[in-house]
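A short worksheet on the structure shown next.
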Amino acid sequence: QPVESGGGLVQPGGSLRLSCAASGSTTGRNTMRWYRQAPGKECEWVATVSAGGFTTYADSVKGRFTISRDNDKNTVYLQMSSLKLEDTAVYYCNSLPAGPWGQGTQVTVST
């Protein structure tokens with residue numbers, strides 16, 4: 001299962017970089033996605049990176065978040081900038097099609 005890390009507490013306007021370490025069989029060939037779940041809300045898709053590096057983003061994060069991958073390290077990243085209060089959530093990564101879910105990493109944006 002994936003192992004997400006890099007979350008934390010940050011002020012509005014700040015930045016964080018999340019990492020997702022997954023098995024080589026997953027990150028090397030599969031499309032990978034980041035998701036998030038805020039308290040009391042449904043899980044929301046955030047960003048996708050294809051095996052070839054093509055990226056797509058949810059409108060709510062477009063222009064602020066950047067997804068990338070390093071297949072040699074079996075790792076997917078989410079660089080988050082200009083963070084807003086509404087970005088507060090537990091962030092998860094998974095392959096497409098989805099495999100087992102990890103524990104996620106908490107991102108809290110607060111003054």
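The values are calculated or read from the model by the stated rules, or taken from the named source; none is laboratory data. Not measured: the values here are computed from a predicted model. Cβ sites come from the backbone with ideal geometry, for glycine too, and all protein chains shown count toward neighbours. SASA here: full protein model, heavy atoms, side chains in, ligands and nucleic acids out. Shrake-Rupley method; radii C 1.70, N 1.55, O 1.52, S 1.80 Å.
Quick look at the numbers
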{"item": "Filter result for residue 19 (surrounded by fewer than 16 Cβ atoms within 10 Å (Cβ to Cβ), in contact (Cβ under 8 Å) with a residue 12 or more places away in the chain and not aliphatic (A, V, I, L, M))", "result": "no"}
{"item": "Condition met for residue 105 (under 15 Å from the mean Cα position of the chain (by Cα), modelled with pLDDT of 95 or more, closer than 23 Å to residue 1 by Cα and open to solvent by 30 Å² or more (accessible area, probe 1.4 Å))", "result": "no"}
{"item": "Odd one out for residue 85, checked against (1) under 21 Å from residue 10 (Cα atoms); (2) open to solvent by less than 60 Å² (accessible area, probe 1.4 Å)", "result": "(2)"}
{"item": "Lone qualifier among 69, 33, 64, 17 - being under 16 Å from residue 1 (Cβ atoms) and among the charged types (D, E, K, R)", "result": "33"}
{"item": "Test for residue 53: is it within 17 Å of residue 78 (Cα to Cα), exposed (fewer than 14 other Cβ atoms within 10 Å of the Cβ), at pLDDT below 95 and out of contact with any Asp or Glu (no Cβ under 6 Å at 6 or more places or on another chain)", "result": "yes"}
{"item": "Pairs with Cβ under 8 Å, 6+ apart, first in region 27-47 and touching a residue at least 12 places away in the same chain (Cβ under 8 Å), second among the basic types (Lys, Arg) and surrounded by 13 or more Cβ atoms within 10 Å (Cβ to Cβ)", "result": "27/69; 32/69; 43/36; 44/36; 45/33; 46/33; 46/36; 47/33"}
{"item": "Matching strands (runs of 3 or more DSSP E) fully within region 12-102 where at least 1 residues are under 9 Å from the mean Cα position of the chain (by Cα)", "result": "16-21, 31-37, 44-49, 65-70, 75-80, 89-96"}
